[in-house]
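Below: one structure, written as structure tokens.
The values are calculated or read from the model by the stated rules, or taken from the named source; none is laboratory data. In this text the structure is predicted, and so the values were computed from the model without any measurement. A quick note on method: Cβ atoms are made from the backbone with ideal geometry, for glycine too, and the neighbour counts reach across all protein chains shown. These area figures cover heavy atoms from the full protein model, side chains too; ligands, DNA and RNA do not enter into them. Shrake-Rupley method; radii C 1.70, N 1.55, O 1.52, S 1.80 Å.
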Amino acid sequence: MRRPGWPGHADDAPQAETPTRAAGLARLASFVPHAAAYARERNRVVPPHDGVSRLSPYLRHRLILEREAVAAVWESHPRDAVDKFVSEVLWRTYWKGWLEQRPQVWDAYLDQLRRDRDGLTRTASVRYAEAIAGRSGVACFDAWARELIETGYLHNHARMWFASIWIFTLRLPWTLGAAFFLRHLLDGDPASNTLSWRWVAGLHTRGKHYLARAENIARYTDGRFDPKGELDEQALPLTEPPLDLMPRPLPASVELDMDTPSGLLLTPEDIAPEVSHLSKLEFRGLAGGWDEAVGASLDLAPPVIDFSRIAIADALSRAKAHFAVPSHALDEDDWLAATEAWACGLAVRQVVTLETPVGRWRERLDQLDARLAKHGIALVRARRTWDSRLWPGATRGFFPFREHAYRQDLLAGPTRLDQAKPG
């Protein structure tokens, strides 16, 4: 069965990865010579997982760009030899584009998560506590739970098996599993994580679910695990009340007026502004910082927060050197007030930020927009060319989306990293 582009699908990453753009580019360079073997090796769940690229946390935060990853492998290999890897890079964009056109699915997930947390029975609560502690009694599942907590990483195949066992064997609410992943994954994002769990459950593609099978686990773990007789391999897909899944039109891209005094705001959703269409613009100053409220709302684990913190600091340093303007690290304890004060103190009329996809950071920017408007300051969200061209193609399944992507000139033209177009 064809499986979706789970976060880390093409590019799994251990916690030891350094959250800087330089480290991401180095990781990409080390993977490129082996990219042609990716299609053959990617499904083996055998530590140290050398068959995958380990690029996902860098792509998730856009420390490196999707286009850069595609360009690098195309430069060194025939395109058909690395088509599988390129497709997996595109899965992340597909999920984001799909959710951008259906933001109500994220809202429905958050609402259902609250209900499921409140509605846990005593027995289910014990089963849930044992599952997230790696004490469910299913050896492979428990090993993956511990690996996730300890490293912020799971191989994509293990993620699918884990989700399936969580839902169909342990019979725990899928929303709690999605939240557990989002808490610990260094590469977790709202679109890929939420929609992948829905896909496994049989909710994304109605009636089509993913069942973990003992034979499959034994084969791809080279016999390390063999849960024969322990899994429910006959379970039916989940159902839910009707949910509006019709795509909504995307807002038009914003044209920047750079005659207006401007500041540049960085969030951990996209922190390579010097490799974007903003790169040649002039700003009075730039700012960025972690927001404790975001971490608290998602109950993010300390390593996940630390990864974002260091990545933002790296981005501020790079942006300060590139734009040659003062940089400001925002107060984490009251990010909204700190950002408002920075913009007012800079005496700008607009704050520019690279567009943030559906999720908690989008919600914080919506709140910031209202606060800045009281001072006559506009919040301008600049969408990357990659997103503007590819997101609209995510109206149906992945394969029509991939055809749409391949028709775009974003996947053609110069392939050297230093020649690739920004954004």
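Could you list all residues from the stretch 347-357 that are open to solvent by 40 Å² or more (accessible area, probe 1.4 Å) and hydrophobic (A, V, I, L, M, F, W, C)?
Correct list: 347 only.
For first residues located in the stretch 352-363 and touching a residue at least 24 places away in the same chain (Cβ under 8 Å) and in a helix (DSSP H, G or I), partners that are open to solvent by 10 Å² or more (accessible area, probe 1.4 Å) and charged (D, E, K, R) and lie 6+ apart or on another chain with Cβ distances below 7 Å form the pairs 361/269. Within the stretch 271-286, which residues are among the aliphatic types (A, V, I, L, M) and within 13 Å of residue 324 (Cα to Cα)? Passing the criteria: 281, 286.
Any residue at all in the stretch 41-55 that is closer than 30 Å to residue 318 by Cβ, assigned to a helix (DSSP H, G or I) and either open to solvent by less than 40 Å² (accessible area, probe 1.4 Å) or not aromatic (Phe, Trp, Tyr) (or both)? Checked against the condition, which is being closer than 30 Å to residue 318 by Cβ, assigned to a helix (DSSP H, G or I) and either open to solvent by less than 40 Å² (accessible area, probe 1.4 Å) or not aromatic (Phe, Trp, Tyr) (or both), the stretch 41-55 yields no hits at all. Note on the stretch 344-354: residues that are more than 17 Å from residue 291 (Cα to Cα) and either within 31 Å of the chain's Cα centre (by Cα) or not aliphatic (A, V, I, L, M) (or both) total 6.
If you check 218, 212, 139 for being open to solvent by less than 20 Å² (accessible area, probe 1.4 Å) and touching a Phe, Trp or Tyr at 6+ places or on another chain (Cβ under 9 Å), only one passes: 212. When you scan the stretch 286-318, how many residues do you find that are small (Gly, Ala, Ser), more than 18 Å from residue 59 (Cα to Cα) and open to solvent by 20 Å² or more (accessible area, probe 1.4 Å)? Going through the stretch 286-318 one residue at a time, the tally reaches 4.
In this structure, is residue 266 touching a Gly at 6+ places or on another chain (Cβ under 6 Å) and under 28 Å from residue 92 (Cα atoms)? Taking the combined requirement at face value, the residue satisfies it.
If you check every pair at least six apart or on different chains, which have Cβ atoms under 9 Å apart with a residue in the stretch 65-86 that is under 9 Å from residue 36 (Cα atoms) first and a residue that is acidic (Asp, Glu) second? Pairs found: 85/11. In the stretch 234-285, of all residues being at pLDDT below 90 and surrounded by 11 or more Cβ atoms within 10 Å (Cβ to Cβ), the one that is nearest to residue 96 (Cα to Cα) corresponds to 253. Can you name the residue in the stretch 148-170 that is within 25 Å of the chain's Cα centre (by Cα) and among the polar types (S, T, N, Q) and, of all such residues, is most open to solvent (accessible area, probe 1.4 Å)? Within the stretch 148-170, the match that is most open to solvent (accessible area, probe 1.4 Å) is 151. For residue 145, the conditions (1) assigned to a loop (DSSP other than H, G, I, E, B); (2) open to solvent by less than 10 Å² (accessible area, probe 1.4 Å) are fulfilled apart from (1). Scan the stretch 320-340 for residues that are more than 30 Å from residue 182 (Cβ to Cβ) and either out of contact with any strand residue (DSSP E or B) (no Cβ under 7 Å at 6 or more places or on another chain) or at pLDDT below 95 (or both) and the total you get is 3. Taking the criterion of being touching a helix residue (DSSP H, G or I) at 6+ places or on another chain (Cβ under 7 Å) and in a loop (DSSP other than H, G, I, E, B), the residues of the stretch 206-220 that qualify are 209, 210, 211, 212.
With the structure loaded, tell me whether residue 73 is over 23 Å from residue 272 (Cβ atoms), open to solvent by less than 20 Å² (accessible area, probe 1.4 Å) and either modelled with pLDDT of 95 or more or not charged (D, E, K, R) (or both) or whether it fails that test. Reasoning before the result, please.
On the way: over 23 Å from residue 272 (Cβ atoms): no; open to solvent by less than 20 Å² (accessible area, probe 1.4 Å): yes; either modelled with pLDDT of 95 or more or not charged (D, E, K, R) (or both): yes.
No; evaluated as a whole, the condition is false for this residue.
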